[in-house]
1. Among the residues of the range B:38-53, which ones are in contact with a strand residue (DSSP E or B) (Cβ under 9 Å, 6 or more places away or on another chain) and not small (G, A, S)?
2. Take the conditions part of a strand (DSSP E or B) and either crowded, with 19+ Cβ neighbours inside 10 Å or within 9 Å of chain B (Cβ to nearest Cβ) (or both) and apply them to A:L31. Does it pass?
3. Among (1) over 22 Å from B:N175 (Cβ atoms); (2) out of contact with any Asp or Glu (no Cβ under 9 Å at 6 or more places or on another chain); (3) touching a residue at least 12 places away in the same chain (Cβ under 8 Å), which single condition is B:Q115 missing?
4. Checking B:N108 against (1) assigned to a helix (DSSP H, G or I); (2) surrounded by 22 or more Cβ atoms within 10 Å (Cβ to Cβ); (3) within 14 Å of chain A (Cβ to nearest Cβ); (4) touching a helix residue (DSSP H, G or I) at 6+ places or on another chain (Cβ under 6 Å), which test does it fail?
5. Out of all the residues in the range A:14-26, which are surrounded by 17 or more Cβ atoms within 10 Å (Cβ to Cβ) and at the interface with another protein chain (Cβ under 7 Å from one of its Cβ atoms)?
6. Counting only residues that are under 27 Å from A:H91 (Cα atoms), give me the helices (runs of 4 or more DSSP H) lying completely in the range B:157-223 with at least 3 of them.
7. Please determine whether any residue of the range B:77-93 is buried (at least 17 other Cβ atoms within 10 Å of the Cβ) and assigned to a strand (DSSP E or B).
8. Testing B:G142 on (1) within 14 Å of chain A (Cβ to nearest Cβ); (2) part of a loop (DSSP other than H, G, I, E, B), one condition comes back false. Which one is that?
Amino acid sequence: MHEFSITSRIVNCVLEEAKKHNARRVNEVHLVVGKLTFLGLEQVRFAYEMLVKNTILEDSKLHIEEKDGAVKCDRCGYAGDLRYEDDPVYHVPSPTLVCPKCEGAVNIVGGKECTIKRLKLVA
Amino acid sequence: MKEVVKAEEGEVFDIELEADLLKANKELAEENRELLRKHGVAAIDIMGSIGAGKTSLIEKLVQLLKEKYRIAVFKGDLTTTIDAELIARHSVEVVPINTGKECHLDANLVRKALQEIDLNNLDLLFIENVGNLICPAEFPLGSEKRAVVISVTEGPYMVVKHPFIFIDADVVVINKADLAQAMKVDAKKLGTDVERINPNSKVAVTNCRSGEGVRKVVEALGL
């Protein structure tokens with residue numbers, strides 16, 4: 001949804017970090033994106049390609065690790081991934097807050113993150 | 001002191017960091033939440049589709065609750081104060097928020113609006129988000145509860161097509177029940193779609209023109 005603005009924040013954040021280390025180039029950027037964010041990875045990659053042009057990030061490799069959502073059930077203690085409805089009508093599996101184990105209601109505890117985890121810079 | 005350690009030309013640094021790119025809004029939302037909590041104000045984010053009846057719902061809620069609570073309303077829209085004026089007719093404080101181009105409210109805009117009202121003189125705050133079933137879910141504002149309003153005139157698939165916003169909803173309002181028959185849409189089915197996606201949420205079917213069902217929304221919001 002807001003891939004362009006978020007990706008532009010990613011690029012600025014990397015540029016700042018590179019400056020701190022007097023880096024001449026950035027080789028790799030590692031992102032972690034939770035599946036419960038609204039970020040489309042294809043759009044992030046596209047925006048990244050546009051935004052790194054004529055910067056020291058040009059030609060850098062963007063690695064994106066997609067992180068599963070995480071929920072907890074107060075009733076049965078289940079902790080783990082969400083239950084998705086994969087009715088073919090939806091085409092994209094639809095997340096639900098129904099406990100995969102006891103069918104109770106779960107709470108979201110993870111999967112909404114979008115972080116830069118690691119960089120490889122060249123001095 | 002020892003010599004400064006410097007990288008050789010061409011040396012590769014491998015840097016670990018935990019830069020959270022959605023953090024700016026999350027932190028501001030936490031500040032808003034804390035500020036509201038300190039003043040004992042319950043804030044409710046009213047999200048929903050365009051034209052679903054968010055403003056009509058707020059008007060009816062204000063009418064029902066204004067004797068019981070001191071109420072203020074933030075009214076988010078891209079432009080105009082048309083809806084804000086509708087709510088202001090009910091003699092409650094209204095702060096219009098015009099986002100200009102943005103398709104959702106964010107914690108920063110809410111923080112600015114909070115500076116416009118006297119929190120010491122307030123119990124309940126409704127924050128009407130920009131009409132949109134996608135983006136607002138990603139931007140917490142610092143509210144205590146989140147409600148989503150849809151209506152039967154949008155067709156029978158509004159819930160299954162937008163699962164993410166319903167996952168974030170404490171209360172879901174299905175409005176324009178009086179038009180269900182004409183639209184050949186089953187409001188109850190929309191409700192079961194919500195329960196299937198988010199069993200934590202409470203569903204109320206309403207007609208916000210007549211006020212039918214609005215008391216159920218009050219109950220669901222715990223007011």
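1. If the condition is that a residue be in contact with a strand residue (DSSP E or B) (Cβ under 9 Å, 6 or more places away or on another chain) and not small (G, A, S), then B:V41, B:I44, B:D45, B:I46, B:M47, B:I50 are the ones that fit.
2. The answer is yes for A:L31.
3. B:Q115 satisfies every listed condition except (3).
4. Looking at each condition in turn, B:N108 falls short on (2).
5. A:E17, A:A23
6. Correct list: B:158-161, B:163-167, B:187-197.
7. yes
8. Among (1) within 14 Å of chain A (Cβ to nearest Cβ); (2) part of a loop (DSSP other than H, G, I, E, B), B:G142 violates only (1).
The numbers here are math on the coordinates, done by the rules we state, and not lab data. These figures come from a predicted structure and were not determined experimentally. Cβ sites come from the backbone with ideal geometry, for glycine too, and all protein chains shown count toward neighbours.
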